[in-house]
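Derivation of every value follows stated rules applied to the coordinates shown; laboratory data play no part. On a predicted model such as this, the values are computed, not experimentally measured, just so you know. Cβ placement follows ideal geometry from the backbone for every residue including glycine, while neighbour counts extend to all protein chains displayed.
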Amino acid sequence: MTIIAVVLSCVSFTNPVVNADASDPMPSATLVGSKKVVMPGESFTVKYGITSVSSDVYAQDITFEFDPAVMEYLPDSIRSLQEGVIIINEPSTSTPGKLRVLLASLGSQYPITSDAEIVELGFKAADVIQDTEGVIRLTQAIISDSQGEESVLQPTSLTIQITVNTELPGDLNGDGKVSIGDLGIMAAHYGKDSSSPDWSKINHADLNKDGKIDIADLAALAKKIVE
Ligand SMILES: [Ca+2]
Ligand SMILES: [Ca+2]
């Protein structure tokens, strides 16, 4: 009797992982705001930078766009954050909502060779009357190396939330206006005073700040409603 042993040999083929050229990522632009949330009329700054550059950068042509009804660029606020890199033009504000900036390195000792924050610009939120989102878009960014080889950066954008302070006297429900809804809240707390357990939550209905919610507050609120 012959025992035939069949040896199955399992050969596993390991597929080499095809690396999508991760060593050469696309050069990109970055925008970072000094604040995420501002109040109407408040100033803030935005920093423009580049990441993943593959060759030395000597010149840059960048264009920012934003809604001029929501924010404005503060003239003369732009400044370089890199030694030896200058802003050649004070960006024109003649086209509202659009800024084009040209940057250049001053000689072969000042190229940008790695991730860097390059310029800072000042903006001011408009006096909006309701919460608004302001978006600053980098719509075009072209960089050049020493050989005149141009590269287009991936566009990017930055969103700034403009939040209206609703501390309007008499606006008890926080909807930005004084109306009958506020009177409803006040009426529900009528007669309460500083000894009431929930006073800290409702004392904004004490319009004349005398420590009690009474007919004088109702009358004051009624006057604001019909004004
Ligand atoms: Ca209200
Ligand atoms: Ca009162």
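Table for the structure above
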item	result
Summed residue charge, Cβ within 11 Å of residue 113's Cβ, Lys/Arg positive, Asp/Glu negative	-3
Relative contact order, percent, segment 105-202 [alpha-carbon distance under 8 Å, six or more residues apart]	18 percent
Entries in 36/98; 36/224; 177/201; 124/209 that, when Cα-Cα distance is taken, lie over 24 Å	36/224; 124/209
Selection from 226, 202, 213 lying farthest towards where the dipole of segment 180-226 points positive, charges on Cβ	226
Kirkwood-Stokes translational diffusion coefficient of segment 146-227, alpha-carbon pairs, 25 °C, 0.890 mPa s, µm²/s	158 µm²/s
DSSP-assigned coil residues among GluC sites (Glu not before Pro) in segment 51-116, each with at most 12 further Cβ atoms within 10 Å	83
Most mobile of 125, 216, 141 in a GNM of the chain (Cα contacts under 10 Å)	216
Once exposed loop chymotrypsin sites (Phe, Trp or Tyr not before Pro) are cut out (DSSP; at most 14 other Cβ, 10 Å), longest piece of the chain	14-189
Approximate shape of the chain as ellipsoid semi-axes (Cα gyration tensor, √5λ), whole Å, largest first	57, 35, 13
Alpha carbon Rg of segment 57-153, scaled by the compact-globule rule 2.2 N^0.38 Å	1.19
Gain on full stretching of the segment that runs from residue 168 to residue 198 - 0.36 nm per residue minus C-alpha separation	8.7 nm
Among 38, 85, 157 - extreme Cα towards positive end, dipole of segment 28-162, charges at beta-carbon	38
Filtered GluC sites (Glu not before Pro), segment 85-189: DSSP coil and at most 14 other beta carbons within 10 Å	149, 167
Proximal aspartates and glutamates to residue 223, defined as alpha-carbon separation beneath 20 angstrom and excluding residues fewer than eight positions away on the same chain	167, 171, 175, 182, 206, 210, 214
GNM top mover of 214, 198, 131 - the chain, alpha-carbon springs below 10 Å	198
Whole-angstrom Cα spans of segment 180-226 along principal axes, big to small	31, 19, 14
Expected 222 nm ellipticity per residue - DSSP helices of 4 or more, -39500 (n - 2.57), all of the chain, to 500	-3000 deg cm²/dmol
Charge tally in the Cβ shell below 12 Å around residue 130, where Lys, Arg are +1 and Asp, Glu are -1, residue 130 excluded	-3
